[in-house]
Each structure stands twice: as structure tokens, then as C-alpha cells.
């Protein structure tokens, strides 16, 4: 079977044919760094990490661009409430996201551009849209995309303009300033009370970027006028991805050739989010769960499916991870270690490759993994060392594609527990830095909230003349 994906724009499976043979360009919508990450934020990063790993294993040279939105309404509001500079608030949370990605073995992107570093590209794109008649200046610093000027608007999500809800910024924009309530902001004038350094001078007036504009500008900057795959969470299809496509193609660019969207992490059927109060912070989960186990839980569900998070999710993932790790440890004791280069080059089972080629069907691929695991355990029991070694090599090769090889560098360099502890330390350090800034600003409500949040995750904070120190709370086993 040749590689194929479910293209959300076409709403059907399509064979994957890259624009340039042997090369793949991917743009993935990354974090809006308004708060520390919860596990729902990891779903997209892990899903597309599996995609990158499979494409690389299939012989492609992959360029992955994962952006950071570091200027946005909620960043300004939350930083102001905490008494911090908006850029400092954004950086603290960006570091927390990076630590979370590292903890679960997400490979770093080829480039990770920030929105604030690409204002010139945004100005250029706005000018092209104005010249093409797809945008208009509504006032000093306010530029909008005219959705009715672009006949294909709504094609990505299969909607008619008349059936769409007004753009989210309509509530704060007088109707007379926009030609249509559905027009969306490309550039936004500063609001009263916002920091002066949160805006940039442009030919259209001083302001800051609209969310959609930044992604189109950065995708073109690093991947060109046309590129292969645009990815992101299912919740981004509308309005974000619809607007990206409209403004990029309205400016004359081919933009994304395939659209891939991952499902959410849900609890009780509802999307996990801070607004619903059901977000599980990565720091909280990693305080009692090995990072590899969390990675398995995120990976085992096909990327387009919803991942329902229950009390059993991590328990099942932990049992499976221990079976993988246990076999590999016993097999290495019996037949010796296998070189990582051999793992990288081994021909994978045809059934596994067929499953991965079928829109990254990880559940079907894991069936093959478990079959090889069973065969390997049987071989060990029967002292059939050649068969045991073959199972070891194939098992590690398949798990490597999924970022789940217990003997690979991510999980075995200093032992899984030590690596997860290091990652936890980075995430907690980001939280403590935010707390220190809050205390310096005499924002004790935020400081106490951070301390309580860490305590709920099992992290004890002690203040000393040299600064805050942290440790894991003692368990009953520790006390006994």
C-alpha cells in the first residue's frame, strides 16, 4: 500500500504525492503561550511527531515548522493580571511547552518561529491582499480580510458564508467598521491600556497581528508559496485554518496541498481545555507518571480519533509499556544488545508498514507490535535465541517509529525515571520562575495560586533566602 492520508480539505483519503520528490514540508500550528501546557496540548505535538518519524523512516527529508504565537489577546490579559511584561509571560510559558514536548520525546522541529519575529512578512502579505482587493483598511491600525471578495471562502470546512457565524472579533468591532460581520482581522489597532511595546508600526497604522495572518506569513517564509502538509488540532479548522487558506490563496499562493487534523483529548466527551476547568497540567501528570507512559497513552489512539481520558488511561498505558520494556530487557540479557544503527535500517514487518501507510493507523500497527512481542516471549521461553533476537530487532524498530523504543536514546540514556525527572524539573522551574515574578510584583494571589497548583501535583515548595526550592511530596510508602 502506498502512503495515503485523510485530507480534511477534500474530505477523503488521498495518496500522498509531495510537491518535490523525496522531500516533505509540514507546517504545524503550535502553542499560543498564554498558560502552561495541559495534556490536551500534547496531543497535536505527539500525533505529528509520529507523522514526521514515519515520513523519515519512509525515506523522506522532512522540514517541520511549528510556530509559537507569542502575542495575542489572552497573553496580554493574563500577563497584565499577573503584573508581568507580556513578552516575559510568553517566554516562561514557551519554555514550559518546550519542556513538556521534550519530556514525552517529541523531536524538535526544523524551525520554531515566533509571531513577533515576522512582522515584515506580515506587512508584505497584507499589502498583497490590499492590492488584490481582498483586504481593506477600516481605520488607523485596523486591516480586515473581505471574505466576500474571495469566492472560495468556506471551501476548507464546506460552509457557505451565509451560514457562518460572525468572526470572533466582531463583538469588539463596531459593525460599521467592517464590510461584513464575517470579515476577520489581519491587523489590529492597540486597545486602550495595552502596553505600547505590544504594537508595531506599519504603513496601515500601528497595531499587532491577527492570529490567522501570522501563520500564513511564517508558513510562506520557511516553506515557500506552496508546501505539502498543514496540520493542527480539529478545533482549528474554523475559523483559523479556513482564514489561513483564504488569505494565502487570495494573495496568489498555492499554500497547503494536504490538511491533516488531529482529534482532541476529551473527558466525559468534552474537549479538554482550561476554560472548562478540566485541564490536567503536564507537571501534574508527570509528578506521578513516567513520561514514556504518557507518550504511549497519547500515541496509541489513531491521530484523527478523540482520546477519551479516564482513570484507566494511564494504568493501561503503564502495563503495556512495562511489557515492552520487560521483554527488551530480558532479550538483551539473552542475546546481547542491538546497535541503534541496525534498528534504524531493519526492514519492518509488511503489516506494520501497511498500517502506518494507511493514514497513520497506529492501533493496527500496534497489533503487529503485540504479535512480535508474543513471538519474542515464546522464543525466549523456548531458548530459541535467533528467533528472540529477530523479534527484538523488529519490535524495537517498530517502537522507534512511534517514539516508544524503551532501549532508544530518549528513554534509556540515563534510565527512563532519570530522564522524566529531568523533564519534570524543567517544567517546575518554569512555574517557579513565574511565581518569583509574581512575588516581585507583589501579586501574591498569583504567587499563592502557583504554589497551590504545584502542591496539588505533589510538588512541595519551600522559600529560603537563596530562593525557592522544591521537592516531591512524601508518599505513604516513603513515610513507612
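Every read-out reported here was derived from the displayed coordinates using simple, explicitly stated rules and does not represent laboratory data. Just so it is clear, the structure is predicted and the values come from calculations on it, not from any experiment. Cβ atoms come from the backbone with ideal geometry, glycine included; neighbour counts cover every protein chain shown.
The C-alpha atoms of the stretch 268-351 occupy a region whose extents along the principal axes are 51, 30, 20 Å, arranged from largest to smallest.
As a proxy for reagent exposure, ranking 74, 188 by other Cβ atoms within 10 Å from fewest up yields 74, 188. Secondary structure note: in the stretch 4-276, about 45% of the DSSP beta bridges are antiparallel.
For the pair residue 316 and residue 137, a Förster radius of 51 Å applied to the C-beta separation gives a FRET efficiency near 0.40, rounded to the nearest 0.05.
Treating the angle as unsigned and between 0 and 90°, give the value, to the nearest 10°, between the Cα long axis of helix 313-335 and the longest Cα principal axis of the chain. Taking the Cα atoms of the chain, the angle to 313-335 is about 50 degrees.
Ordering 381-393, 31-43 by mean Cβ neighbour count within 10 Å, with the highest value first, yields 31-43, 381-393.
DSSP beta bridges confined to the chain are antiparallel in about 50 percent of cases.
Rank these for me by crowding, 444, 145, going from fewest to most other beta carbons within 10 Å. Let's see the in-between values first.
Numbers: 444 10, 145 26.
Taking fewest neighbouring Cβ atoms as first place, the list is 444, 145.
Measuring between their Cα centroids, the stretch 215-232 and the stretch 332-351 lie 36 Å from each other. Estimated at 0.36 nm per residue, the fully extended path between residue 20 and residue 196 surpasses their Cα-Cα distance by 59.0 nm. For the stretch 311-407, the square roots a ≥ b ≥ c of the C-alpha gyration tensor eigenvalues yield an a/c of 1.5 or more together with a/b not exceeding b/c, which makes the shape oblate. Across the chain, C-alpha contacts under 8 Å between residues 6 or more apart give a mean separation that, scaled by the residue count, equals a relative contact order of 19 percent.
Where a ≥ b ≥ c are the square roots of the eigenvalues of the C-alpha gyration tensor, would you call the stretch 42-91 rounded, which needs a/c under 1.5, or, failing that, prolate if a/b is larger than b/c, or oblate?
On the way: a/c = 5.04, a/b = 3.47, b/c = 1.45.
Prolate is the answer for the stretch 42-91, as a/c is 1.5 or above and a/b outweighs b/c.
Relative to the longest principal axis of the Cα atoms of the chain, the long axis of helix 86-103 lies at roughly 20 degrees.
To the nearest ten degrees, helix 416-440 and the longest principal axis of the Cα atoms of the chain are 30 degrees apart. Computed on the Cα atoms alone, the convex hull of the stretch 207-363 gives a volume of 189 cubic angstrom per residue.
For a modelled paramagnetic label at residue 155, 7 Å from Cα along Cα-to-Cβ, the residues of the stretch 10-24 in reach, with backbone nitrogen under 17 Å, are 10-12.
With the simple model of a label 7 Å out from the Cα in the direction of the Cβ, residue 58 to residue 354 spans 1.6 nm. Antiparallel beta bridges, as assigned by DSSP with both residues in the stretch 1-90, represent about 40 percent of the total such bridges.
When you count, for each residue, the other Cβ atoms within 10 Å and take the mean per peptide, how do 257-267, 45-55 rank with the highest first? Before the final figure, lay out each step's value.
On the way: 257-267: 21.5, 45-55: 23.0.
For the peptides 257-267, 45-55, the packing ranking is 45-55, 257-267.
Starting with the highest mean, order 223-232, 13-22, 322-331 by the number of other Cβ atoms within 10 Å, averaged over the residues of each peptide.
Details: 223-232: 21.3, 13-22: 12.8, 322-331: 17.9.
Result, highest mean Cβ count within 10 Å first: 223-232, 322-331, 13-22.
Explain nothing, just the number: relative contact order of the stretch 15-142, from Cα pairs under 8 Å at least 6 residues apart, as a whole percent. Walk me through the numbers on the way to the answer.
Values: 134 pairs, mean separation 38.3, N = 128.
Reported relative contact order: 30 percent.
Relative to one another, the C-alpha centroids of the stretch 59-85 and the stretch 134-168 are positioned 24 Å apart.
Each distinct pair of alpha carbons in the stretch 4-276 adds a 1/r term; the inverse of their mean, the Kirkwood radius, is 19.3 Å.
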